[in-house]
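Everything below concerns the one structure shown next.
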Amino acid sequence: MTKLIINADTTRGTIDRNIYGHFAEHLGRCIYEGIWVGEDSPIPNTEGMRNDVIDALKNLQIPVLRWPGGCFADAYNWKDGVGPKEQRKRMVNVHWGGVVENNHFGTHEFLRFCELIGAEPYISGNVGSGTVREMSEWVDYMTFNGQSPMADWRKENGREEPWKLKYFGVGNENWGCGGDMRPEYYADLYRNYASYVRSYGDHKIFKIACGASDADYHWTEVLMRQAARYMDGISLHYYTLPTGTWADKGSSTEFDQEEWFTTFKKTFFMDELIERHDAIMTQYDPEKRIALIVDEWGTWYNVEPGTNPGFLYQQNTMRDAIVAGINLNIFHKHCDRVKMANIAQIINVLQAVILTEGASMILTPTYHVLRMYSVHQDAKLIDISFTSPQYVMNGEAIDQISVSASINLANTLHVSLCNLHHSDETEVHFDIRGREASKVSGTVLTTETLQAHNTFDQPEAVAPAPFTNFRYEDGNLIVQLPARSVVVLAVE
Ligand code: AHR
């Protein structure tokens, strides 16, 4: 049993909607097939982008979408992806599977896709192999509302008005696939490139520096020391690898209780990472002006057997749903510093919310959790306190439950709870202080097996259902959380 105290009259900041952001890279079947099928495709589409995907993503209320990479971003020349499609250059996607990239999905298509799904675009520029001029011209092309060679070219290519692009990343993983740089070198390059990422008129670009991988605190330290005043945000990348090794990351669907447990143990590390990177940032930025942008997170397993190893295609089970719930609760907790997060990746790659096969599309358990949790977007984080029962396996212990609470503009209190245990349900006794709590409703995602997932034959095997497993005792709400579950409650 857990006693959960909710101080409903004490807020701890605002949960930025951008914490519910996504990431789309030219990788495997994410862009081509997942989003872009072309105007002539038999798959119903809007200007080449598949309608089923557009509808599903609109329902998810995606606030922001990062593109074109990832590693791809630092090999990308944006000029290859504008103008008449038949004249666009073809290139080899060196990072991902060595396939030919025909550049049919470029700047115009991406920004149109964002309009169609109602998301803000977040573009990653090329520092690793591109020039300062190319980056500067890209921003000019997209955002300049006057006469310039780039703005004129944009108009020739069919777009009169500039786009209101806000988020721009200056490089990606420049410590690795983006150029193998030392932080000292990248920090200087960042200053150089960022100074040519111009804000035209009163339209201000939010500049995001490439941040650390995992626990590389030295990278954050150097970037903050050398370049803090030139950035609005700095990124952090952390993936959950159940086995902890890149050589054999484990299967997305064939795993046992121990791997189930270690997956969550590794997910909780996100909390420590944010705390430690935040502490370094706070030395240089005590006002917390600079945002920590977790622009790549999620599970990373071995690819599905028989698929291209460079395409990073994996299935998605109830385990992924809980990983999403835990991470989102962690981001909420740190909402004073974490202002954006982008799950990797949106379709057909890593912890995807959508999988496609030809004309068919399915929603994953992760999709359902993000949709259930979307009530937290832009809501006030509420102070809570509880001591979780421990989930013990082979002598190791982690919290069995993960919880977060917020109040939205309509004054509804939402509480998201994950029960990580593979077999045990648990009871949560609510002590809601500072407001009445007379009406409760909820949604649950839970499954009979740990490995349950949606397939093209059984697309609804894992689906949310109304949650009714609660009662009142002496006026207090008591919730019975099923094993392997994510629950979101609305309290009015
Ligand atoms: O998301 C897959 C890859 O992971 C991205 O391209 C890269 O930034 C990271 O290493």
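The values are calculated or read from the model by the stated rules, or taken from the named source; none is laboratory data. Treat the numbers as computed from the prediction; the structure is a model and nothing was measured. Ideal geometry is used to build each Cβ from the backbone, glycine not excepted, and the neighbour counts take in all protein chains shown.
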- request: Report yes if some residue within the stretch 90-102 is of a type in the set (Phe, Trp, Tyr) and either on the phi > 0 side of the Ramachandran plot or away from the ligand (no atom under 14 Å from the Cβ) (or both); otherwise report no.
  value: no
Cβ pairs under 6 Å, 6+ apart or interchain, first in the stretch 15-29 and at pLDDT 95 or above, second in a loop (DSSP other than H, G, I, E, B) and among the aromatic types (Phe, Trp, Tyr), ordered by first then second residue, are Leu27/Trp96; Gly28/Tyr313
Among Glu272, Glu259, the single one that is over 15 Å from Ala324 (Cα atoms), surrounded by fewer than 19 Cβ atoms within 10 Å (Cβ to Cβ) and more than 22 Å from the chain's Cα centre (by Cα) is Glu259
Checked the stretch 30-58 for anything assigned to a helix (DSSP H, G or I), over 11 Å from Thr356 (Cβ atoms) and touching a residue at least 40 places away in the same chain (Cβ under 8 Å); matches are Ile54, Leu57, Lys58
Scanning the stretch 95-122 for residues that are under 11 Å from His26 (Cβ atoms) and of a type in the set (A, V, I, L, M, F, W, C), the one surrounded by the fewest Cβ atoms within 10 Å (Cβ to Cβ) turns out to be Val99
Within the stretch 235-251, residues in contact (Cβ under 8 Å) with a residue 12 or more places away in the chain and within 15 Å of the ligand (Cβ to nearest atom) come out as Ser235, Leu236, His237, Tyr238, Tyr239, Thr240, Leu241, Lys249
Exercise. Do we find a residue being more than 30 Å from Ser252 (Cβ to Cβ), touching a Pro at 6+ places or on another chain (Cβ under 8 Å) and at pLDDT 95 or above anywhere in the stretch 428-435?
Worked result: no
Within the stretch 116-149, residues touching a strand residue (DSSP E or B) at 6+ places or on another chain (Cβ under 9 Å) and without any contact (Cβ under 8 Å) to a residue 24 or more places away in the chain come out as none
Counting only residues in the stretch 105-127 that are among the aliphatic types (A, V, I, L, M) and touching a Leu at 6+ places or on another chain (Cβ under 7 Å), the one farthest from Trp175 (Cα to Cα) is identified as Ile117
### Query
Is there a residue in the stretch 304-315 that is among the β-branched types (Val, Ile, Thr), within 16 Å of the ligand (Cβ to nearest atom) and not in a strand (DSSP E or B)?
yes
Q. Does Ile347 satisfy being out of contact with any Pro (no Cβ under 9 Å at 6 or more places or on another chain) and either among the aliphatic types (A, V, I, L, M) or free of Cβ contacts under 8 Å to residues at least 24 places away in the same chain (or both)?
A. yes
- Query: Among the residues of the stretch 281-296, is any away from the ligand (no atom under 15 Å from the Cβ), in a helix (DSSP H, G or I) and buried (at least 20 other Cβ atoms within 10 Å of the Cβ)?
  - Reply: yes
Qualifying residue in the stretch 3-12 (condition: surrounded by 15 or more Cβ atoms within 10 Å (Cβ to Cβ) and in a loop (DSSP other than H, G, I, E, B)):
no
Screening Ser136, Ser129, Ser148 for residues that are of a type in the set (S, T, N, Q), surrounded by fewer than 18 Cβ atoms within 10 Å (Cβ to Cβ) and over 26 Å from Asp202 (Cα atoms) leaves only Ser129
Flagged pairs (Cβ under 7 angstrom, 6 or more apart or on separate chains; first in the stretch 302-328, in contact (Cβ under 8 Å) with a residue 40 or more places away in the chain; second surrounded by fewer than 17 Cβ atoms within 10 Å (Cβ to Cβ) and acidic (Asp, Glu)) are Asn302/Asp248; Tyr313/Glu304; Gln314/Glu304; Gln315/Glu304
Of the listed residues (Ile280, Ile234), the one being in contact with a Phe, Trp or Tyr (Cβ under 7 Å, 6 or more places away or on another chain), of a type in the set (Val, Ile, Thr) and farther than 27 Å from Tyr391 by Cα is Ile280
From the option list Asp431, Asp424, Asp383, single residue qualifying as farther than 19 Å from His332 by Cβ and assigned to a strand (DSSP E or B) is Asp431
Of (1) more than 19 Å from the chain's Cα centre (by Cα); (2) under 22 Å from Phe23 (Cα atoms), Ala209 satisfies every one except (1)
Within the stretch 183-229, residues being among the hydroxyl-bearing types (Ser, Thr, Tyr), assigned to a helix (DSSP H, G or I) and more than 16 Å from the ligand (Cβ to nearest atom) number 6
Note on Gly97: of the conditions (1) within 18 Å of Ile347 (Cβ to Cβ); (2) touching a Pro at 6+ places or on another chain (Cβ under 6 Å); (3) of a type outside the set (Asp, Glu), unmet is (2)
Those residues of the stretch 131-150 that are small (Gly, Ala, Ser) and farther than 21 Å from Glu109 by Cα come to a total of 2
Going through (1) in a loop (DSSP other than H, G, I, E, B); (2) on the phi < 0 side of the Ramachandran plot; (3) within 16 Å of the ligand (Cβ to nearest atom); (4) not hydrophobic (A, V, I, L, M, F, W, C) one by one, Asp180 fails only at (2)
Scanning the stretch 59-81 for residues that are in contact with a strand residue (DSSP E or B) (Cβ under 7 Å, 6 or more places away or on another chain) and part of a helix (DSSP H, G or I), the one nearest to the ligand (Cβ to nearest atom) turns out to be Ala73
